[in-house]
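The values are calculated or read from the model by the stated rules, or taken from the named source; none is laboratory data. Since this is a predicted model, take the numbers as computed values, not measurements. All Cβ positions, even for glycine, are placed from backbone atoms using ideal geometry, and neighbour counts span all protein chains on display.
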Ligand SMILES: *Cc1c(COP(=O)(O)O)cnc(C)c1O
């Protein structure tokens, strides 16, 4: 399997193998990597996955993407080790809420949010590939909350990696912050930027665009633009799909969406052959994606803080992967559309492409009151507490259900104890912290506060990274 960029350079000679794109993250032309073509699973392939363990499904689904980046036996061992530490034997269990309505719980990893499902695989995968190449990298990333801690857990104490994680000062929850700042490993650096998430993401992009800096520090990314994350997230859609009826019966998924990575992975599962009745993009009041799918308007607004902060995003970086497809895989068209988006704050979209997009996804905007109401209703009906991100998806799923028959899966992306204040204010009940969380609430914090300025962030990295002669 080889990968191409969503932007300009697109002759077959430039297609790259998995290990290259794993380490690079972003393509040199500023685009995102996508597979040259989708590996396909036919009905028999899907049937063969029924009743298999999560690790077995993960191995089957991801192996076609890897090429010879890592041997099948070491990949299998990495997968087994990664999911062994999860606190539910099913890894990604389905809970029935009502007939044909399920929660897919994706918060059983070390940081209690779905990002662990990909990052716990990617940490050891990076290490394996880097050791084989005798190389080191500096991982940089921007986080709206949950990516940061999951990436730090995946990279901590690894010889071949230094990790710098930028987050918006004062805009993530205390639990999210502590999950990053209480890690004492010397290769881990939590950086609080005086700005919002999009500022952090812009700083990361600017560092990648700074050729000298990028080369000196061998920059690499594990945030959701990295293809390997998408790949690992495809697994739980396939796993839920075969549990609830694939290949015979299609399943719908409602996904709480920010950067468009998770719901894009669902789309990827569909491209690989999983029968899907509908994919529902659920946004909070940062609704640029809902406006796009419903009105054809992708124009930037200000980022507004909500009780589902991991979705407080205006620029959904993974959307470029879908746009590439809508544009008939024309990298030139993508390049010019995204440079216009940068300049004017509005992404151009032609009517036929918009129609195609709406055929692939439905989208709903869920406001703060509706989010709280959804948390309260599940609690009253089933005694179950759900986190605000999951509640956004549940509210959207309920609105969409009229048009869809068959099973609907609400993707539950975080443990309620990660957002105790929001859950308590909606339900009157404070969720109990699992042991892993209780522990970090007492540990000392270590972080660096920096202004929203490229030079300041680069200087800090120079002073701390093991690469680039900083020390
Ligand atoms: C990251 C995150 C999301 C958004 O996922 P994207 O892949 O960015 O769309 C939703 N919920 C939680 C809890 C998250 O951490």
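Okay, here's what the table says:
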quantity: Condition met for residue 23 (crowded, with 16+ Cβ neighbours inside 10 Å and part of a loop (DSSP other than H, G, I, E, B)); calculated: no
quantity: Some residue of region 367-384 being surrounded by 17 or more Cβ atoms within 10 Å (Cβ to Cβ), away from the ligand (no atom under 16 Å from the Cβ) and within 21 Å of residue 192 (Cβ to Cβ); calculated: no
quantity: Any hit, region 381-402, residues being out of contact with any strand residue (DSSP E or B) (no Cβ under 9 Å at 6 or more places or on another chain) and under 24 Å from residue 243 (Cβ atoms); calculated: yes
quantity: Condition check for residue 319: more than 20 Å from residue 387 (Cβ to Cβ), within 12 Å of the ligand (Cβ to nearest atom) and modelled with pLDDT of 95 or more; calculated: yes
quantity: Number of positions in region 96-121 that are closer than 21 Å to residue 159 by Cα and buried (at least 24 other Cβ atoms within 10 Å of the Cβ); calculated: 5
quantity: Leading residue by the ranking (farthest from residue 421 (Cα to Cα)) among those in region 292-316 that are more than 16 Å from the ligand (Cβ to nearest atom) and in contact with a strand residue (DSSP E or B) (Cβ under 9 Å, 6 or more places away or on another chain); calculated: 297
quantity: Any hit, region 299-313, residues being under 26 Å from residue 3 (Cα atoms), outside any helix (DSSP H, G or I) and either within 22 Å of the chain's Cα centre (by Cα) or in contact (Cβ under 8 Å) with a residue 40 or more places away in the chain (or both); calculated: no
quantity: Given (1) crowded, with 18+ Cβ neighbours inside 10 Å; (2) touching a strand residue (DSSP E or B) at 6+ places or on another chain (Cβ under 7 Å), index of the condition residue 437 fails; calculated: (2)
quantity: Residue 103 vs. criteria within 15 Å of the chain's Cα centre (by Cα) and closer than 26 Å to residue 79 by Cα; calculated: no
quantity: Yes/no for residue 37 being touching a helix residue (DSSP H, G or I) at 6+ places or on another chain (Cβ under 9 Å), surrounded by fewer than 22 Cβ atoms within 10 Å (Cβ to Cβ) and in a loop (DSSP other than H, G, I, E, B); calculated: no
quantity: Any chance residue 407 is more than 16 Å from the ligand (Cβ to nearest atom), modelled with pLDDT of 95 or more, in contact with a strand residue (DSSP E or B) (Cβ under 6 Å, 6 or more places away or on another chain) and more than 23 Å from residue 169 (Cα to Cα); calculated: yes
quantity: Elements of type helices (runs of 4 or more DSSP H) contained in region 68-167, each with 1 or more residues being farther than 15 Å from residue 179 by Cα and within 16 Å of the ligand (Cβ to nearest atom); calculated: 115-133
quantity: Residue ID - modelled with the lowest pLDDT, chosen from residues in region 459-471 that are more than 25 Å from the chain's Cα centre (by Cα) and surrounded by 15 or more Cβ atoms within 10 Å (Cβ to Cβ); calculated: 470
quantity: Matching residues, region 317-332, being out of contact with any strand residue (DSSP E or B) (no Cβ under 9 Å at 6 or more places or on another chain) and part of a loop (DSSP other than H, G, I, E, B); calculated: 327, 328, 330
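One line per residue, one yes/no per condition, for (1) buried (at least 24 other Cβ atoms within 10 Å of the Cβ); (2) at pLDDT below 95:
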| position | (1), (2) |
| --- | --- |
| 215 | no, yes |
| 240 | yes, no |
| 243 | no, no |
| 248 | no, no |
| 261 | yes, no |
| 264 | yes, no |
| 282 | yes, no |
| 293 | no, no |
